[in-house]
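The values are calculated or read from the model by the stated rules, or taken from the named source; none is laboratory data. It should be emphasised that the depicted structure is a prediction, and the values quoted were computed from it without experimental measurement. When we count neighbours, we look across all protein chains shown, and the Cβ atoms used for this are built from the backbone with ideal geometry, even at glycine.
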Amino acid sequence: MSLPRSFLSLVSLSVALSAQAADPVPVATWSFNNTLAADEAGAPALTAIDPLGANGFVLDDVFGESRWVYRFDGNASPTSEQAGLVVSADGLLDADDAYSVDIVFQFEANVASWENIFGVSNRQSDNAFYVSPSDQLQVWPTSTGPSFFTFGEYHRITLTNRGDGTVTAYLDGELQFDLSTASMNFSEYATGNPQRLIHFFADNVVGGGQFEFADGRVALIRLYDVELSEGEVGGIDVPPPPVPEPGTLALMGSALWVWPRWHGAAAHAARAEARLPRPIERGE
């Protein structure tokens, strides 16, 4: 006896809805749809680190979809001219060290010895999450992952913190390392970072290993108040581009036209040539 097709359809729908309901829910999502505001009501907006006034929103192709992204543009030296984003996790995360950051971004070029992805020390320590000089993910000062990060294209990077001194990193959903370190613990920097700030892309301003910055573009940041499992990281999709605001539709064609003229390889090379060289050796 075969079951009615309508019954099977209902069962399939129920399973799909259950799976969707089980997906981890971020406490904050920043989609960069011409705004630094979070998608969730009540979650704080990101604050731009833009000392040169060169950051801004541009249209770009991200995993085959045209969407708005936020371009950060600074100089590695002096550190006061580095660009990026910052947000306070105070009120978003529980008062512990368990969290996950899921981010879609690119570094435009490999112009630094290390490239800072994010840190939780309030830029007071070199210990943070980087792309290493060997083009692999690294939580300094521990070992690197096996896969290679490519420049000039978007990647989805995920870092999870179990809350017990264990961090796990993923590159495009693939496990890179699972290791013991306090480098990404808020509690490690409680005195110097009471607001539990997360700085994206801008490197430390004191101590050794400064100037590890590169220009780039970010399409999505999601913050979770839990450690995501390997299965959860692999199961989370990158959402489609947000529907543009009506007022931005008329700007899309001009944005696509302007982009190659002032963000092209020649312009970037000229800026990079003018910058001070980045040291390969880190200070103590």
Regarding region 21-39, can at least one residue be identified that is at pLDDT below 50 and exposed (fewer than 10 other Cβ atoms within 10 Å of the Cβ)? yes
Looking at 89, 128, 112, 98, can you tell me which residue is closer than 20 Å to residue 204 by Cβ and either at pLDDT below 95 or out of contact with any Phe, Trp or Tyr (no Cβ under 8 Å at 6 or more places or on another chain) (or both)? 112
Can you tell me which residue in region 40-51 is surrounded by the most Cβ atoms within 10 Å (Cβ to Cβ), limited to those that are under 19 Å from residue 215 (Cα atoms) and out of contact with any Gly (no Cβ under 6 Å at 6 or more places or on another chain)? 46
Does region 215-226 include one or more residues that are in a loop (DSSP other than H, G, I, E, B) and crowded, with 21+ Cβ neighbours inside 10 Å? yes
Are any residues in region 109-148 in a loop (DSSP other than H, G, I, E, B) and under 14 Å from the mean Cα position of the chain (by Cα), and if so, which ones? 120, 128
Failed criterion for residue 151 (all others in (1) buried (at least 22 other Cβ atoms within 10 Å of the Cβ); (2) closer than 14 Å to residue 117 by Cα hold): (1)
Taking region 103-130 and keeping only residues that are touching a strand residue (DSSP E or B) at 6+ places or on another chain (Cβ under 8 Å) and of a type in the set (A, V, I, L, M), one is left with 103, 104, 117, 120, 128
Scan region 59-86 for residues that are surrounded by fewer than 19 Cβ atoms within 10 Å (Cβ to Cβ) and either in a strand (DSSP E or B) or of a type in the set (Phe, Trp, Tyr) (or both) and jot them down. 61, 63, 65, 66, 86
